[in-house]
Amino acid sequence: MRFRKTGAAVAAALALAVSATACGSDSGSDDTITIGIKFDQPGLGLKTPDGAYEGFDVDVATYVAKELGYEAEDIEWKQSPSPERENLLSRGDVDMIAATYSITDERKEKVSFAGPYLIAHQDLLIRSDETAITDASDLNDKNLCSVGGSTSAQNVKNELAPDAELQEFDTYSKCLDGLSKGTVDALTTDDAILAGYAAQDNYEGQFKLAGLNLSDENYGIGLKKGDTEMQEKVNAALEKMIEDGSWKEAVDKHFGPAGYDPGEAPEITEKS
């Protein structure tokens, strides 16, 4: 993260450093923060055709950034596919990630988390005329789709429907396309994500949630491993967002149209 440099002493020091360099040049802005989000998840993290960013994760990240001293225009948004999230953090390509990032013990070996800021539940998205899938076990011998790096598909494959044919892509949009065309029978991930897809105008009436609560998924903000100072600051921002009502406003704005209710804000538990 690149913090603002303020104060006359700092300005003077910078001026001296520049004048002492024969061929000095501006090293760039120190006023931005880079945040990883999904670009293809309606209701959570979506890059619109006009280049804007919208969704619940976007609103949460924007609020946190503001508490850290950054306005919306100071944020550089970076696409963060599920398989690349740990790499983006470890390389320093992003300062934090708010991208439907479920907190798990395995992931905590590689990254640190703040939060959680939402509890979702794994479910299935199926075609609206589907009647043969009413339980996860019904996926045996059927085509199940999810994205690489997601915990959802492995939960089903390992524990609930071991004979399901698993297909993994790099984005949920490709799974949704397969579901629409009939090449896959179900898309599995968190109900918050599925609700956003089902509510899109171009898919109106095509899909439905199966209504299965297959697991609890605690969404956290991913941080570089061991950055306890940033963890404390982000946790404080999330707590403030919940307390001042901004969290509930964002929930109603992005999930209300899809008829999805994630319940009450979770307790912040990821602390060093």
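The values are calculated or read from the model by the stated rules, or taken from the named source; none is laboratory data. A quick note: this is a predicted structure, and the numbers were derived from the prediction, not measured. Methodologically, a virtual Cβ is constructed for each residue, glycine included, from the backbone with ideal geometry; neighbour enumeration extends over all protein chains shown. Areas reflect the complete protein model, heavy atoms only, side chains present, ligands, DNA and RNA absent. Shrake-Rupley method; radii C 1.70, N 1.55, O 1.52, S 1.80 Å.
Expressed as an acute angle from 0 to 90° and rounded to the nearest 10, what is the orientation of the C-alpha long axis of helix 246-255 relative to the principal long axis of the chain?
The helix 246-255 is inclined about 40 degrees to the chain.
What is the dipole size for the chain, taken about its Cα centre, with +1 at each Lys and Arg Cβ and -1 at each Asp and Glu Cβ, in debye to the nearest 20?
840
Roughly what % of DSSP beta bridges within the chain run antiparallel, to the nearest 5?
If I count the DSSP bridges inside the chain, around 60 percent turn out antiparallel.
Near the amide H of Phe39, under 5 Å away, which other amide H atoms are found, from residues 5 or more places off or on another chain, if H is placed in the peptide plane?
Sorted by chain and number, the residues that satisfy this are Ser80.
How many nm is it between the label spots at Ala236 and Glu109, if each spot is 7 Å from the Cα in line with the beta carbon?
The modelled label-to-label distance comes out at 3.3 nm.
Quick check: the angle from helix 228-243's long axis to the longest principal axis of the chain, C-alpha only, nearest 10 degrees?
60
Take the chain, connect every pair of alpha-carbon atoms lying under 10 Å apart with a spring to form a Gaussian network, then pick out the residue of Leu160, Leu89, Leu118 with the largest mean-square fluctuation.
Top of the fluctuation ranking is Leu160.
Quick one: give the max-minus-min coordinate of the C-alpha atoms of region 83-233 along each principal axis, largest first, in Å.
Computed over region 83-233, the largest-to-smallest principal extents equal 50, 34, 23 Å.
Identify, among Ile133, Gly226, Val60, the residue whose Cα sits farthest towards the positive end of the charge dipole of the chain, taking +1 on the Cβ of Lys and Arg and -1 on the Cβ of Asp and Glu, with the dipole about the Cα centre.
Gly226
Any idea what diffusion coefficient region 170-250 gets from Stokes-Einstein, in µm²/s, Kirkwood Rh on alpha carbon pairs, 10 °C, 1.306 mPa s?
So the translational diffusion coefficient is about 101 µm²/s.
Explain nothing, just the number: relative contact order of the chain, from Cα pairs under 8 Å at least 6 residues apart, as a whole percent.
Taking the mean separation of contacting Cα pairs over the length of the chain, I get 25 percent.
If you put +1 on each Lys and Arg Cβ and -1 on each Asp and Glu Cβ, how big is the dipole of region 125-272 around its Cα centre, in Debye rounded to 20?
Once rounded to the nearest 20, the dipole reads 360 debye.
Over 31 Å, how big is the tail of the calculated P(r) for the chain, in percent of all Cα pairs?
For the chain, the fraction of Cα-Cα distances above 31 Å is 31 percent.
Where both partners of a DSSP beta bridge lie in region 124-210, what percent of those bridges are antiparallel, to the nearest 5?
Antiparallel bridges make up about 40 percent of those DSSP assigns within region 124-210.
At a probe size of 1.4 Å, how large is the accessible area of Met241, to the nearest 10 Å²?
Looks like 10 Å² after rounding.
For the full complex of protein chains and a 1.4 angstrom probe, list Glu71, Glu217 by accessible area with the highest value first.
Correct descending sequence by accessible area is Glu71, Glu217.
Assigning unit charges at the beta carbon (Lys, Arg +1; Asp, Glu -1) and nothing else, what dipole magnitude in debye, to the nearest 20, does region 32-97 show about its Cα centre?
In total the dipole reaches around 220 debye.
Divide by every residue of the chain the summed helix terms, -39500 (n - 2.57) for each DSSP H run of at least 4, and state the resulting mean residue ellipticity at 222 nm, rounded to the nearest 500 deg cm²/dmol.
-9000 deg cm²/dmol
Given the whole protein assembly as supplied and a 1.4 Å probe, what does the accessible area of Glu243 come to in Å², nearest 10?
Approximately 150 Å² of Glu243 is accessible to the 1.4 Å probe.
May I ask for the angle, rounded to the nearest 10°, between helix 8-19 and the longest principal axis of the chain, with both axes built from Cα atoms and the value confined to 0 to 90°?
For helix 8-19, the angle is close to 80 degrees.
Could you state the number of Å between the C-alpha centres of region 248-269 and region 183-211?
Cα centroid to Cα centroid, the span is 18 Å.
From the cross-link list Lys38/Lys181; Lys47/Lys174; Lys66/Lys233, which pairs have alpha carbons spaced over 21 Å apart?
Where the Cα-Cα span goes over 21 Å, the pairs concerned are Lys38/Lys181.
Accessible area, 1.4 Å probe, largest first: how do Phe56, Phe169 sort?
Result of the area sort, largest leading: Phe169, Phe56.
Which FRET efficiency value, to the nearest 0.05, do you get for Glu204 and Thr134 by plugging their Cβ-Cβ distance into 1/(1 + (r/R0)^6) with R0 = 25 Å?
Here the calculated transfer efficiency is 0.60.
Mind listing the long-range amide H neighbours of Thr32? Cut-off is under 5 Å, sequence gap 5 or more, other chains count too, H placed in the peptide plane at 1.01 Å from N.
HN-HN under 5 Å from Thr32: Arg2.
Mind checking which of Thr183, Thr100, Thr32 has the largest fluctuation in a GNM of the chain, springs on alpha carbons under 10 Å?
Ranking Thr183, Thr100, Thr32 by mean-square fluctuation puts Thr183 first.
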